[in-house]
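Sharing a structure with you now.
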Amino acid sequence: MLIIDCPHCGPRPETEFGYGGQAHVAYPEDPHALTDEQWAQYLFYRDNPKGDYAERWVHSAGCRKWFNAIRDTRTYEIARVYAAGEPRPDLSKGA
Amino acid sequence: MTDSTLTIEAPEGAAGSAGGAGGTNASASGADVGRAAVLAHRRSPAQDLADEMTQGSGQAVWLRELPFLTQVTLRAQPDGPSSEALAGALGVGLPTRVGEVAGAIDGIGVAVLWLSPDEFLAVAPDEAQTGVSPEAWAGRLSTAVGAGPGQVVDVSANRTTLELSGPRARSVLEKSCEIDLHPRAFPVGTAVVTLLESTGVIVWRTGEETWRVMPRASFTTHVVRWLLDGMREYC
Ligand SMILES: [Zn+2]
């Protein structure tokens, strides 16, 4: 069981959260201008890094707010949580 | 075809029924009788479980329903004009962070619970005790917000309130609640939205040995039986 630090509620068990996949995937400016392949890329293709991954979570059984987290896909350790809409923080600059 | 007119009789001894025949204020007393009758006919989500709760309670821990509390959801950006207006209209302010309860932290009176950074739950006693209906509460708060950004909704029927009390009440909750309920982390006057096993509830500590568990109406039977099951080894 992961303990996830909600930016609003503090540490809560993983069962209170929903997972929203990769963060910072922008909706296309004009979906009609895309080819089927580009649309499929937007809908279905996501990064699969070994290491830090920026992803969306929602505290569905608590404050019901969406937020972003950077999680290490090897260790499951969450290095940082930050507000939805905020740019991805640069972890190399320290906490 | 059946008669679709709903007729509600005033129960014996209901407020407003003492006027008798020939009362001088017939229309007002009629309205009082009507409202009292409506209140007397309400059914709470755990009403049918009252006997089970009594039988399942003991010296160490006991469970009962506190039915029909007035509950009003408030949406307002913190520090915005609507927050200020709501805080003023409530008279007890708004809580500012997770866990915080503004006003009557013991639940006796008007309390405001923090649900989210921009969402709060005002809880007030049953209309049968105060004479102030949930609609009147919501109306007053809605007037305070006015045209400002925000939302006020009467959600009194959304959740009911269960009260779990006694020296082993915390032990019962700790079986199913993963957050830390120790007084060090969860002192009297703390309330959070969380899970009780897999059911979303509000857990509110109103006293050293008194807890409120507020499940949604349709989950109430399940939560009551779940708590009773957890109480068995102590009763
Ligand atoms: Zn939260």
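The values are calculated or read from the model by the stated rules, or taken from the named source; none is laboratory data. Remember, predicted model here, so these are calculated numbers, not experimental data. FYI the Cβ positions are ideal-geometry reconstructions off the backbone, even for glycines, and counts take in every protein chain you see. Side chains are part of the model used for accessible areas, which takes the heavy atoms of the whole protein and leaves out ligands, DNA and RNA. Shrake-Rupley method; radii C 1.70, N 1.55, O 1.52, S 1.80 Å.
Give the A-B buried accessible area in Å², both sides summed, 1.4 Å probe, nearest 100.
Numbers: alone 6660 and 12210 Å², together 17860 Å².
Summing both sides, the interface buries roughly 1000 Å².
Additional query: Be a star and scan segment A:68-95 for residues whose amide nitrogen sits under 18 Å from the point 7 Å along the Cα-to-Cβ vector of A:Lys50.
A:71-77
I would also like to ask the following. Using a simple spin-label model with points 7 Å from Cα along the Cα→Cβ vector, what separation in nm is obtained for B:Arg97 and A:Leu2?
Between B:Arg97 and A:Leu2, the label points sit 2.5 nm apart.
Give me the one-decimal nm value for the distance between modelled label points at A:Leu43 and B:Asp180, 7 Å along each residue's Cα-to-Cβ direction.
So the two model labels end up 4.6 nm from each other.
Using just the alpha carbons, could you tell me how many Å³ per residue the convex hull of chain B encloses?
On the way: hull volume 40.1 nm³, N = 235.
Normalising the Cα hull of chain B by residue number yields 171 Å³.
Then there's this: Please provide three numbers in whole Å: the alpha-carbon extents of the protein assembly as shown along the principal axes, with the largest listed first.
82, 54, 48
What order do B:Thr194, B:Thr54 take when sorted by accessible area (1.4 Å probe), most exposed first?
B:Thr54, B:Thr194
Still on this model: Carbon and sulfur atoms: what percent of the 1.4 Å accessible area of segment B:69-157 do they account for?
Reported share for carbon and sulfur atoms: 55 percent.
Can I ask one more? Give me the inter-chain shielding for B:192-199: mean count of other chain Cβ atoms within 10 Å, whole number please. Don't skip to the answer; put the middle values down first.
Numbers: counts 5, 8, 7, 7, 0, 1, 2, 1.
Per residue, the number of nearby Cβ atoms from other chains is 4 on average.
Moving on to the next point. Report D for segment B:69-157 in µm² per second (integer): Stokes-Einstein, Kirkwood Rh on Cα pairs, 4 °C, 1.567 mPa s.
Answer, rounded: 103 µm²/s.
I would also like to ask the following. Relative to the isolated chain, which residues of segment B:101-144 have their accessible area cut by 40 Å² or more in the presence of all protein chains (1.4 Å probe, heavy atoms, no ligands or nucleic acids)?
B:Pro117
Write down the accessible area per residue of segment A:33-78 in Å², having rolled a 1.4 Å probe over the full set of protein chains. Numbers along the way, then the final one.
Working: 2980 Å² over 46 residues.
About 65 Å² of surface per residue is accessible.
I'd like the chymotrypsin sites (Phe, Trp or Tyr not before Pro) in segment A:1-57 restricted to DSSP loop residues with at most 15 other Cβ atoms within 10 Å, sorted by number.
Here the sparse-neighbourhood loop sites are A:Tyr45.
Okay, next question. Once you put a point 7 Å from the Cα of B:Ser171 and another 7 Å from the Cα of B:Ala157, both along the Cβ direction, what distance in nm separates them?
Here the answer is 4.0 nm between the modelled labels.
Averaging the inverse of every distinct alpha carbon separation and then flipping it gives the Kirkwood radius. What is it for segment B:127-235, in angstrom units?
15.6
Oh, and also: Using a 1.4 angstrom probe, figure out how much accessible area segment B:69-157 has per residue, in square angstrom, rounded to the nearest whole.
Heavy-atom SASA per residue in segment B:69-157 reads 42 Å².
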